[in-house]
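The values are calculated or read from the model by the stated rules, or taken from the named source; none is laboratory data. All values derive from a computational prediction rather than experimental measurement. Neighbour counts are summed over all protein chains in view; Cβ atoms, including those assigned to glycine, are modelled from backbone coordinates with ideal geometry.
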Amino acid sequence: MTTFDLIIVGLGRVAKRFVSLLDEQHDVSARVIATVTRRPDSVAEVTRLVKTHHAAARHARLVVVEATTLDVTRGQPATSHIRAALRGGAHAITVNKGPVAFAYAALAREAARADRRFLFEGTVMDGVPVFNAAREALPAVTVNGFRGVVNTTTNYIITAMERGETFESALGAMQRAGIAEADPSLDVDGWDAAAKTAALANVLLDARITPHEVRREGLSGAAGESVRAARASGRRTKLVAAAHGRGRAVQASVGLQELHEGELLAGLDGPQNALLLETDLLGEIAVVQLGSSLTQTAYGLLSDLITIARAPSARRGRTR
């Protein structure tokens, strides 16, 4: 079994849980050889470390694990971390949505040229196989659109407000659980969902958009009254992410919608998420996540590492 050398960028809770998962399973062998914190010189440090470990990179054993927090302005420095890894001959996996939401097409091309993998299963719906399913399980199927509930924090808050709880108390529960973003405004202002929408559109719909091109509506305590009124009338309020079309024709949005109680998305309670893929050959396909946790997010990184272990050459399949 090949032992991978890992350079971990970002030492938050997700990265630490990922390292502990490596010790708990036997599907892949890996050792952490260096860690980098997010700082002004972090890109130069990643470049230096990849160059230092050039032998492992040359033999496709070196993997840069990007686990810094989301920068919704430009997706930096995470995108530059990924680029430094690929240009140095290392594989790159990320749980940060920024690189996929801001620079997916360019990074995918760089990965293909370098014959390395750029993977990011943990960026949307934790480790639930969304991108892997589209890449591996849906041959000859074209995805023409999607809609879903993809932000755990806001769905939990909405469900809590339906029960009469306050916006502030529900958000606090998500912060204590470690599920809300480090900056909770990314969740409640809709930026996290917009970044996930851009990432999904770029990969599944061949779009070239960023989160700033997603029409965005957030959630505040002022929505409590309308949320409860909708519930009383047999409807559920959800923060729905959606995109339709292909290529440059893609239109994407994130916003509050009132849904009929019998709809799949309407039935999602608390930390539950779901994504509905609209396809040409199979109609509508649902991917549902009934819970969210730190372990599930960290598992996204683990699954990407196992994917590399099973097929280390990018040329054996499409880079996703």
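Table: residues versus (1) modelled with pLDDT of 95 or more; (2) of a type in the set (S, T, N, Q).
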position	(1), (2)
Arg236	yes, no
Ala241	yes, no
His244	yes, no
Gly255	yes, no
Glu258	yes, no
Gly270	no, no
Leu282	yes, no
Gln289	no, yes
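Is it true that Gly218 is out of contact with any Phe, Trp or Tyr (no Cβ under 6 Å at 6 or more places or on another chain), in contact (Cβ under 8 Å) with a residue 24 or more places away in the chain, part of a loop (DSSP other than H, G, I, E, B) and more than 30 Å from Ser20 (Cβ to Cβ)? Considered against the rule, which asks whether it is out of contact with any Phe, Trp or Tyr (no Cβ under 6 Å at 6 or more places or on another chain), in contact (Cβ under 8 Å) with a residue 24 or more places away in the chain, part of a loop (DSSP other than H, G, I, E, B) and more than 30 Å from Ser20 (Cβ to Cβ), Gly218 comes out as yes.
Residue count for the stretch 78-132, restricted to those that are surrounded by fewer than 24 Cβ atoms within 10 Å (Cβ to Cβ), on the phi > 0 side of the Ramachandran plot and not charged (D, E, K, R): 1.
Tell me which of these Val32 doesn't satisfy, since it passes every other one: (1) part of a helix (DSSP H, G or I); (2) touching a strand residue (DSSP E or B) at 6+ places or on another chain (Cβ under 9 Å); (3) of a type in the set (A, V, I, L, M, F, W, C). With (1) part of a helix (DSSP H, G or I); (2) touching a strand residue (DSSP E or B) at 6+ places or on another chain (Cβ under 9 Å); (3) of a type in the set (A, V, I, L, M, F, W, C) applied to Val32, the lone miss is (1).
Would you please name the residue that is surrounded by the fewest Cβ atoms within 10 Å (Cβ to Cβ), looking only at residues in the stretch 68-77 that are among the hydroxyl-bearing types (Ser, Thr, Tyr) and over 12 Å from the mean Cα position of the chain (by Cα)? Filtering first and then ranking leaves Thr73. For beta carbons closer than 9 Å, sequence separation of 6+ or different chains, a first residue in the stretch 1-13 that is at positive phi and a second that is of a type outside the set (Gly, Ala, Ser) and part of a helix (DSSP H, G or I), the qualifying pairs are Gly10/His81.
Here is a yes/no grid of residues against (1) surrounded by fewer than 18 Cβ atoms within 10 Å (Cβ to Cβ); (2) under 28 Å from Thr69 (Cα atoms):
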residue: Asn202; (1), (2): no, yes
residue: Leu205; (1), (2): no, yes
residue: Ala223; (1), (2): no, yes
residue: Ala230; (1), (2): no, no
residue: Gln272; (1), (2): no, yes
residue: Asp280; (1), (2): yes, no
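Selection of the stretch 257-270 for residues being part of a loop (DSSP other than H, G, I, E, B) and either surrounded by 19 or more Cβ atoms within 10 Å (Cβ to Cβ) or among the aromatic types (Phe, Trp, Tyr) (or both) yields only Leu268.
Suppose we filter the stretch 226-243 for residues that are more than 20 Å from Thr153 (Cα to Cα), touching a residue at least 12 places away in the same chain (Cβ under 8 Å) and outside any strand (DSSP E or B); how many remain? Going through the stretch 226-243 one residue at a time, the tally reaches 1. Condition check: acidic (Asp, Glu), more than 28 Å from Thr166 (Cβ to Cβ) and touching a Ser or Thr at 6+ places or on another chain (Cβ under 7 Å). Does Asp280 satisfy that? So Asp280 fits the description; yes. Of these, Val50, Val32, Val64, which one is surrounded by 16 or more Cβ atoms within 10 Å (Cβ to Cβ), within 20 Å of Arg310 (Cα to Cα), in the same structural domain as Asp304 (by TED's automatic domain parsing) and touching a Leu at 6+ places or on another chain (Cβ under 9 Å)? On inspection, the qualifying residue turns out to be Val64. Consider the stretch 200-215 and keep the residues that are part of a loop (DSSP other than H, G, I, E, B) and hydrophobic (A, V, I, L, M, F, W, C). The one that is nearest to Val150 (Cα to Cα) is Val214. Condition first: part of a strand (DSSP E or B), of a type outside the set (A, V, I, L, M, F, W, C), free of Cβ contacts under 8 Å to residues at least 60 places away in the same chain and within 22 Å of Asp189 (Cα to Cα). Can you find one or more residues in the stretch 244-252 that meet it? Looking for residues that are part of a strand (DSSP E or B), of a type outside the set (A, V, I, L, M, F, W, C), free of Cβ contacts under 8 Å to residues at least 60 places away in the same chain and within 22 Å of Asp189 (Cα to Cα), one finds at least one in the stretch 244-252, hence yes.
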